[in-house]
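Report on one structure; see the data block that follows.
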Amino acid sequence: MTTVRLVADNEWRLMRRSRVAQLALLILIALSVIATLTSIAHRDANDDLRARFQAQADQEFDGQPARHPHRMVHYGHFVFRPLPALAAFDPGVDAFTGSTIFLEGHRQNSANFGDVRQSSLLARFGQLTPAFVLQVLAPLVLVFIGFGVVAREREAGTIRLLSAHGVTAQSLIFGKALALGRVAGLMLAPAVAALLWLTFLEGAPIVAALGLGLFYAVYLAAWVLIIVIASSLARQARTALMVLLGLWATTVILIPRVAPDVALAFAPVPTRLETDIAIQRDLRRIGDSHNPDDPHFAAFKARVLKQYGVDRVEDLPVNYRGLLALEGEKLTSRLFDDYAERQFAAERKQGAIVAAFGLVSPAIALRNFSMALSGSDLDGHRRFLKQAEAYRFDIVQRLNRLQAEAVTFGDDSNRNKDPDAGRRVRIDPKHWHDVPDFAYRGATISEKLESALTGAALLLVWLVMAGFGVRIAIRRLEAAL
């Protein structure tokens, strides 16, 4: 049996005898188990609720009676974002971004009904999930269990005795790290069980689950080495405890709270009200389909008449009002997409600034990595917004095309004055059934891995830096022997 193993076994026995260490570890494991069970139940309940509401919205849209197609444009439709399986492990931004969008003509609405907007402010401080327990609580428990692993030997004077028996500084530090690593392994076990559950019972992608398990282990390993380094360099155990508590509070609590504010200061994003005002201003500039003297739509009318070889819109083989609706929606949707891309670009810039703080906070690096592989990051939300907008545009243009092809211009013009014309413009409701249901497509595993790359690289940087710190601690300890 090697010296490292002997040191580790001896330290492990001491930890097992410590009631404080036992109680802290048991509490954390219990929290992890509770977090796993409640988070999976919460995710499944939310996903079932969204699926039920989506089915209800589809049924109500398909069940509408005979109507004018443009009435259906304004009737609108709801779409809901389904939750990925790994959202039970790390729900990410889902509670903040909203889960449903109301789709209607001439407007691009934002997502609504985020959990944070409907619950107390306590939800903003973090949900009890396996990811939260490992990111925030596990390092704190490791600090309380391991702050004195080496400093205690120095204070008791046993470090020289160990040296006299052939225990080198390297063996001592590695042995202490191995013992503390066993504690970290026990902390990780419930999360690994949760990932296995989500993989084999909920259909989570196995590559993403393996990546989460591996890099959460890297995160805890980095904390184990940091704790051993601090305990080796400190002359007293209480000094190591204060340093480690300060480091935990700064890197796990303070910096992740400050980083978004810094990102917002350097990359401000217009408010929803400011964006709406700007869109309305630009809409007036690009053209008004209700104004016969509008330059854009006057030119559009001339092109349509020339295309069909007629002199009046009444002579067109299609309903000119429907053509106007098609053109107007195309213009407004193009403008909506432009503003949405500006918003996404600003958010990506903010995200890059926050991600850079991963150099001084491993918690930020792990959080970004975890959300990316879980499919619960901002990229997933943007993917939902883009797909919902593409679906909205398709629905509206289908209905506008029906107005152009299934309703005559004469009936459309007189529907409010002639009851018979009003009845004729109400087309067969079977057309609503022809509109396909919304089907959200989540990120592929390659897209998730690409999004998680920066966080993974920063976590490895932290592990490498901790390795260099161990070398410094060994040299200092050798000098003290």
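Listing for the model above:
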read-out	value
From the options Gly92, Gly126, residue that is within 21 Å of Arg257 (Cα to Cα), in contact with a helix residue (DSSP H, G or I) (Cβ under 9 Å, 6 or more places away or on another chain) and modelled with pLDDT under 90	Gly126
Residues that are more than 29 Å from Gln170 (Cβ to Cβ) and surrounded by 19 or more Cβ atoms within 10 Å (Cβ to Cβ), drawn from region 7-30	Leu28
Total residues in region 1-59, condition more than 28 Å from Phe200 (Cβ to Cβ) and either acidic (Asp, Glu) or not in a helix (DSSP H, G or I) (or both)	6
Residue ID - nearest to the chain's Cα centre (by Cα), chosen from residues in region 313-366 that are not in a helix (DSSP H, G or I) and not small (Gly, Ala, Ser)	Val360
Subset of region 313-360 (residues that are aromatic (Phe, Trp, Tyr) and over 18 Å from Ser451 (Cβ atoms))	Tyr320, Phe336, Tyr339
Matching option when the condition is assigned to a loop (DSSP other than H, G, I, E, B) and either over 30 Å from the mean Cα position of the chain (by Cα) or at pLDDT 85 or above (or both), among Gly181, Gly148	Gly148
Hey, His42 more than 30 Å from Phe215 (Cβ to Cβ) and in contact with a helix residue (DSSP H, G or I) (Cβ under 9 Å, 6 or more places away or on another chain) or not	no
Checklist (1) at pLDDT 95 or above; (2) more than 30 Å from Gly181 (Cβ to Cβ) applied to Ala457, failing item	(2)
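The values are calculated or read from the model by the stated rules, or taken from the named source; none is laboratory data. What you are looking at is a predicted structure, and each value in this text was computed from that prediction instead of being measured. Quick reminder, even Gly has a Cβ in these numbers, built from the backbone with ideal geometry, and neighbours come from all protein chains shown.
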